[in-house]
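S.K.: The following block contains the structure, expressed as structure tokens.
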Amino acid sequence: MSQLKPLSSHLDSIPSTPGKFKMDKSPYIHRLRYHFSLAKLSFWCFLFLSLILIFFYRAAPPNPNSASQSSSSSDPSRRSLQTPTWGGPNWEKRVRSSARIRSRNGICVLVTGAAGFVGTHVSAALKRRGDGVLGMDNFNNYYDPTLKRARQALLERTGVFVVEGDINDSVLLKKLFDVVAFSHVMHLAAQAGVRYAMENPTSYVHSNIAGLVSVLEVCKSANPQPAIVWASSSSVYGLNSKVPFSEKDRTDQPASLYAATKKAGEEIAHTYNHIYGLSITGLRFFTVYGPWGRPDMAYFFFTRDILKGKSIPIFEAPNHGTVARDFTYIDDIVKGCLASLDTAEKSTGSGGKKKGPAQLRVFNLGNTSPVPVTKLVNILEKLLKVKANKVMLKMPRNGDVQFTHANITLAQSELGYKPATDLQTGLKKFVRWYLSYYSGSGKKSSS
Ligand SMILES: O=C(O)[C@H]1O[C@H](OP(=O)(O)OP(=O)(O)OC[C@H]2O[C@@H](n3ccc(=O)[nH]c3=O)[C@H](O)[C@@H]2O)[C@H](O)[C@@H](O)[C@@H]1O
């Protein structure tokens with residue numbers, strides 16, 4: 001710029017209208033021509049450098065569509081939108097290769113939330129039996145993202161590519177369906193956790209409502225439409241006091257915003273099934289635990305805090321009432337998920353138009369034997385060989401319910417679902433994983 005200024009003062013004396021400037025061979029004119037060509041050269045150099053700078057600036061995020069959705073909101077699920085990392089021929093090649101079916105009668109599944117706890121186990125199990133699997137995850141920081149990266153690395157080793165992106169990024173979702181004709185979508189991406197909903201309510205609306213609609217919108221327009229299996233929650237039973245919880249029981253009394261968004265998801269699923277002929281199966285998971293689990297869940301952070309000698313807050317109901325959960329081991333949940341995919345009928349619509357009625361199902365996937373939280377802590381103490389510093393607390397009014405208990409008759413008859421792992425056995429496997437994962441490298445921290 002500094003070079004152009006003095007030159008522009010020379011150029012100011014030259015008429016701007018072409019044709020009015022007469023060529024003259026005087027020495028002054030020669031000097032003028034010399035200055036003029038220098039100005040031109042500087043101008044083109046400047047333009048060229050600017051173009052290079054603009055090119056590199058724009059090339060930094062490969063997908064401008066996603067970048068435009070970035071937000072500085074406190075919502076952790078949105079943060080990943082700021083660093084989109086998809087697109088390009090190599091990326092498409094990896095997507096295709098990961099989604100390629102490698103067994104006879106295999107299915108081709110898009111797994112959202114693939115770097116999550118259940119997502120990782122389900123993706124690995126599908127891949128092991130030869131199905132085509134493509135993962136998707138936004139790697140948000142609701143809990144330690146290094147654990148999610150470690151799960152991603154595990155999946156990479158089994159041949160599953162996890163695309164980094166948010167389910168609200170419909171451009172990315174459409175692109176994935178352009179590249180691969182998925183027969184099924186296993187939709188597990190969600191904002192989980194019951195108590196966190198009071199801290200960050202919008203993250204639940206963003207992932208569990210807007211995100212679900214985004215996924216269903218793309219599925220409904222896809223040709224062929226995939227069959228969808230997705231994660232609802234035992235929390236939809238809310239204040240229901242009839243035990244064990246059956247799919248026919250009322251679910252209109254959610255006790256947390258988390259539960260309300262999952263219940264809303266079930267109603268949204270009904271709408272997309274009704275209008276567009278999408279085949280949809282909702283799975284009500286009951287407190288899933290196991291290796292590679294979620295650090296925000298009680299069994300996980302109790303283990304961490306017992307080992308650190310920190311106190312363990314154990315909630316109790318009024319009048320010292322027992323708080324209990326139908327803890328369900330991850331391997332049993334995986335079997336239920338795969339059976340749901342295998343028994344899912346095809347969607348009946350195509351390209352956004354319904355052609356006939358389609359399957360709509362909801363199943364409880366629980367363990368059918370609730371265990372008090374105090375008992376969970378006793379088992380952990382024995383497995384860890386450390387006495388817990390227990391502090392009994394009145395159950396806070398932040399969304400928890402006193403107990404959960406699944407009736408699994410429907411899943412048993414329709415899916416052949418039969419949980420086989422009791423809490424003692426499952427926690428033993430979890431503790432073994434926990435100790436090797438967190439002491440193995442000496443670098444990781446569960447805090
Ligand atoms: O079944 C489900 O649908 C839900 O299961 C879990 O929710 P929750 O059962 O509340 O699991 P945890 O947060 O691990 O709590 C387990 C038990 O420990 C108790 N707890 C929790 C935290 C604590 O500090 N102290 C304590 O006693 C809770 O009251 C609860 O009874 C998951 O976190 C949800 O994402 C999932 O949807």
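Just so it is clear, none of the values below were taken in a lab; they were calculated from the coordinates. Remember, predicted model here, so these are calculated numbers, not experimental data. Neighbour counts run over all protein chains shown; Cβ positions are idealised from the backbone, glycine included.
S.K.: I'd like the distance separating the alpha-carbon centroids of region 182-210 and region 354-389, in whole Å.
M.R.: Centre-to-centre (Cα) distance: 19 Å.
S.K.: Alpha carbon centre of region 236-252 versus region 118-165: separation in Å?
M.R.: 32 Å
S.K.: Expressed in nm to one decimal, what extension gain is obtained for the pair residue 243 and residue 385 from 0.36 nm per residue of sequence separation less their Cα-Cα distance?
M.R.: Here the segment from residue 243 to residue 385 would lengthen by 47.7 nm.
S.K.: Label residue 418 and residue 353 with points 7 Å out from Cα along Cα→Cβ: what is the distance between them in nm?
M.R.: 4.6 nm
S.K.: Let me have the relative contact order for region 360-447, percent, based on Cα pairs under 8 Å that are six or more residues apart.
M.R.: Relative contact order here is 41 percent.
S.K.: Let me ask another. Under 5 Å between amide H atoms, partner at least 5 residues away or on a different chain: which partners does residue 284 have, H built in plane at 1.01 Å?
M.R.: For residue 284, the qualifying residues are 232, 363, 364, 365.
S.K.: If neighbour count is taken as other Cβ atoms inside 10 Å, put 323, 243, 391 in order from fewest to most.
M.R.: So the residues, fewest neighbours to most, are 391, 243, 323.
S.K.: Can you list the GluC sites (Glu not before Pro) in region 313-382 that are in a DSSP coil and have 13 or fewer other beta carbons within 10 angstrom?
M.R.: In loop regions of region 313-382 (DSSP not H, G, I, E or B), the sparsely surrounded GluC sites (Glu not before Pro) are 345.
S.K.: Right, here's the next one. Considering amide H positions built from the backbone, and no H for Pro or chain starts, which residues 5 or more places from residue 315, or on another chain, come under 5 Å of its amide H?
M.R.: It is 393, by chain and number.
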